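*Asks:* Here you go, one structure.
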Amino acid sequence: QNQNIRTSLFAIRYVFAINLSMSMSTMKYKSTRDGNREYSFEQALFSGYAPDGGLFVPTSLPSITAEEHLMPWSKLTFPELAYSVLRMFISPTEINDEDLEEICNKSFLADEFDDETLVPVKKLGSAFIAELFHGPTFCFKDMGMRPVIRILSHFATLRNKPTTLLVSTTGDTGPAAVHAVSDVANPLLTIIVHYPHGQISDFQRKQLTTVDSKCVKIVSFEGGGDDMDWPIKKTLLMNSDNDTAGGRTFCGVNSYNIGRPLMQMVHFIWIYLRMVEQLGVEPGDTNFMIDMVLPTGAMGNITGGYMAKQM
C-alpha cells in the first residue's frame, strides 16, 4: 500500500508539470519515468503500467473555460458530461463520437443506479455531500470502472483481441470490476479477481462469488491485501507489444491504470457544477473556491480530482 501511495504521489507531482494545452485530436500519453516516448490512449489503457514500470499520464492537459465548457456542461446529464470530458482525452481517430457516446450512455444507465441523477449532491449545514454510492455495487468505484470496462471491451472487439483483466481487491474494486465485466458479457473480455482470504467483508465476498458469468473468475489467497500487487505488475510487464505468446493480452484495472482517474475526473466536475448551481454562483467564477475532502487509498480517485483542478 505504501509503495502504491508513493508511486501515485509521484504521478500527481508529475501531472503538475504537464502543459495545459493540447488538441483532443492529438492527445497522447507518456510514462512518469520517461517523457520522451508517446503512447496512444489504447496503448496506455491496455498496458496498465508503462513498459518501464512507471505510470501513464497525458502528455498535456486540455484547458477549459467557463464560456466554452463549464457553462454548457452545467446543463448536461451525467452521461453527457462523461462524454464531453472523455472526448478531450481520447482521440476521435481511436474512438469515434458515436461509439464514445454509446459507451458513456451504457456505462451510466438509469436503471443501474438508484438515484435518477446518478450522483446527488446534497447540502448539509455549511458543507455539501456527494453521494457516490448509488451504483450497482454501492461503491464509488462504479463511476470509474464501468466506462473503463466498456472501453476495453470496445477495443477488444475492434481488434479481435482476447483480453484478461487482472485485479487485486480488498473489497471495493473487485465487485465493481466483476459487475461491469458481467454486464458487458463480451467473450473476448474476461477477468480474474484476487482477494485476501478473510480480509474483506462477507457482503463484498458474496458480491464477487455469486456472479454467474463465464467471463469471471474469483480467487482467494493467503496474505495481506497488497501481496498480489507485485505478481500482477510482473505479469503485466511481461506483455510484449500488448500481445502475449498465446495471443492473449493481460491488463490491470486497479487505480494505476490511467483509465480510472480519467473517468473519475467526471464526478469531480459534476460535483462542482451541482454546488455552484445550488448556491446560485456562475460556473467558472474565479472568486468562488471550494475544498473537496475525500478518503483515499492508492490515490487514484484524488489524482482524477487533481487533474480536473489543473484544467
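*Asks:* Quick one: pull the percent of accessible area on the range 193-271 belonging to carbon and sulfur, 1.4 Å probe, ligands and nucleic acids left out.
*Replies:* Details: 1950 of 3810 Å².
Using a 1.4 Å probe with all protein chains present, the range 193-271 comes out at 51 percent carbon and sulfur.
*Asks:* Once R0 is set to 45 Å, what does the formula 1/(1 + (r/R0)^6) return for the Cβ-Cβ distance between residue 97 and residue 227, expressed as a FRET efficiency to the nearest 0.05? Could you put the intermediate results ahead of the total?
*Replies:* Numbers: r = 43 Å, r/R0 = 0.95.
The calculated FRET efficiency here is 0.60.
*Asks:* For the range 128-251, what does the alpha-carbon gyration tensor say about shape, rounded, prolate or oblate, given a ≥ b ≥ c as the root eigenvalues, a/c under 1.5 as rounded, and a/b over b/c as prolate?
*Replies:* It comes out oblate by the Cα gyration axes.
*Asks:* Using C-alpha positions alone, give me the convex hull volume of the range 166-311 per residue in cubic angstrom.
*Replies:* 150
*Asks:* Lys and Arg at +1, Asp and Glu at -1: add these up for the other residues within a Cβ distance under 9 Å of residue 40 and post the number.
*Replies:* Once all neighbours under 9 Å are counted, the net charge is -2.
*Asks:* Grab the beta carbon distance between residue 76 and residue 40, set R0 = 30 Å, and tell me the FRET efficiency rounded to 0.05.
*Replies:* Efficiency, rounded to the nearest 0.05: 0.65.
*Asks:* Also, quick follow-up: Could you tell me whether the range 46-181 comes out rounded, prolate or oblate from its Cα gyration tensor? Rule is a ≥ b ≥ c as square roots of the eigenvalues, rounded for a/c under 1.5, then prolate if a/b exceeds b/c, otherwise oblate.
*Replies:* In terms of gyration-tensor shape, oblate.
*Asks:* Another question, if that's okay. Hey, what's the chain come to in accessible area per residue, 1.4 Å probe, Å²?
*Replies:* Spelled out: the 1.4 Å probe surface of the chain, per residue, equals 46 Å².
*Asks:* Also, I was wondering about something else. Which option, (i) -0.35, -1.38; (ii) -0.25, -1.28; (iii) -0.32, -1.16, is the value of log10 I(q)/I(0) by the Debye sum over Cα atoms at q = 0.07, 0.15 Å⁻¹ that was calculated from these coordinates?
*Replies:* (ii)
*Asks:* Moving to a separate point now. Answer with one residue from 121, 143, 158: the one whose Cα lies farthest towards the positive end of the charge dipole of the range 92-250, charges on Cβ with Lys, Arg +1 and Asp, Glu -1.
*Replies:* Value: 158.
*Asks:* Let me ask something additional. Hey, can you grab everything whose amide H is under 5 Å from the amide H of residue 63? Only 5+ residues off in sequence or another chain; H modelled, so Pro and N-termini drop out.
*Replies:* For residue 63, the qualifying residues are 22.
*Asks:* Only bridges with both residues in the chain count here: give the DSSP antiparallel percent, nearest 5.
*Replies:* Close to 40 percent.
*Asks:* Enumerate the calculated ³J(HN,Hα) couplings along the range 279-294 in order (Karplus 6.51 cos²θ - 1.76 cosθ + 1.60, θ = phi - 60°), each rounded to whole Hz, writing x wherever the residue is Gly or Pro.
*Replies:* 8, x, 9, 6, x, x, 4, 6, 7, 10, 10, 10, 10, 9, 10, 8
*Asks:* Can I ask one more? Mean residue ellipticity at 222 nm from the helices of the chain, using -39,500 (n - 2.57) per DSSP H segment of n ≥ 4 over the full residue count, to the nearest 500 deg cm²/dmol?
*Replies:* -12500 deg cm²/dmol
*Asks:* If you plug each phi of the range 295-311 into the Karplus form 6.51 cos²θ - 1.76 cosθ + 1.60 with θ = phi - 60°, what whole-Hz ³J(HN,Hα) values come out, in order, with x for Gly and Pro?
*Replies:* Whole-Hz 3J(HN,Hα) from phi for the range 295-311: x, 8, x, 7, 6, x, 5, 5, 5, x, x, 5, 5, 4, 4, 5, 6.
*Asks:* If a/c stays under 1.5 just call it rounded; otherwise compare a/b with b/c (prolate if a/b is bigger, oblate if not). Do that for the range 106-193, with a ≥ b ≥ c from the square roots of the Cα gyration tensor eigenvalues.
*Replies:* Prolate, because a/c is 1.5 or more and a/b exceeds b/c.
*Asks:* Using modelled backbone amide H atoms (1.01 Å from N, in-plane), which distant-in-sequence or interchain residues come within less than 5 Å of residue 253's amide H?
*Replies:* Counting only residues 5 or more places away or on other chains, the set is 166.
*Asks:* From zero up to wherever the largest Cα-Cα distance of the range 145-204 sits, split into 5 Å bins and tell me the percent of pairs in each.
*Replies:* 4, 19, 29, 21, 13, 9, 4, 1
*Asks:* Additional query: For the chain, the longest stretch holding no GluC sites (Glu not before Pro) located in a DSSP loop with at most 15 other Cβ atoms within 10 Å is which?
*Replies:* Longest gap between qualifying sites, sites excluded: 1-115.
*Asks:* Distance in nm between label sites at residue 66 and residue 248, each 7 Å beyond Cα in the beta-carbon direction?
*Replies:* Modelled inter-label distance: 5.4 nm.
*Asks:* Run the numbers on the chain and let me know its relative contact order in percent, using alpha-carbon pairs under 8 Å that are six or more apart.
*Replies:* 22
*Asks:* Find out how many positive minus negative residues lie around residue 83, taking Lys and Arg as positive, Asp and Glu as negative, among other residues whose Cβ is under 15 Å from that of residue 83.
*Replies:* With Lys, Arg at +1 and Asp, Glu at -1, the net is -2.
*Asks:* Taking 0.36 nm per residue of sequence separation and subtracting the Cα-Cα distance, how much length would be gained by fully extending the chain between residue 111 and residue 287, in nm to one decimal? Mind dumping the intermediate values first?
*Replies:* Details: separation 176, 0.36 × 176 = 63.36 nm, distance 3.81 nm.
My answer for the length gained is 59.6 nm.
The values are calculated or read from the model by the stated rules, or taken from the named source; none is laboratory data. Everything quoted here is computed from the prediction, not taken from an experiment. Cβ sites come from the backbone with ideal geometry, for glycine too, and all protein chains shown count toward neighbours. Accessible surface areas use protein heavy atoms only, side chains included; no ligands, DNA or RNA. Shrake-Rupley method; radii C 1.70, N 1.55, O 1.52, S 1.80 Å.
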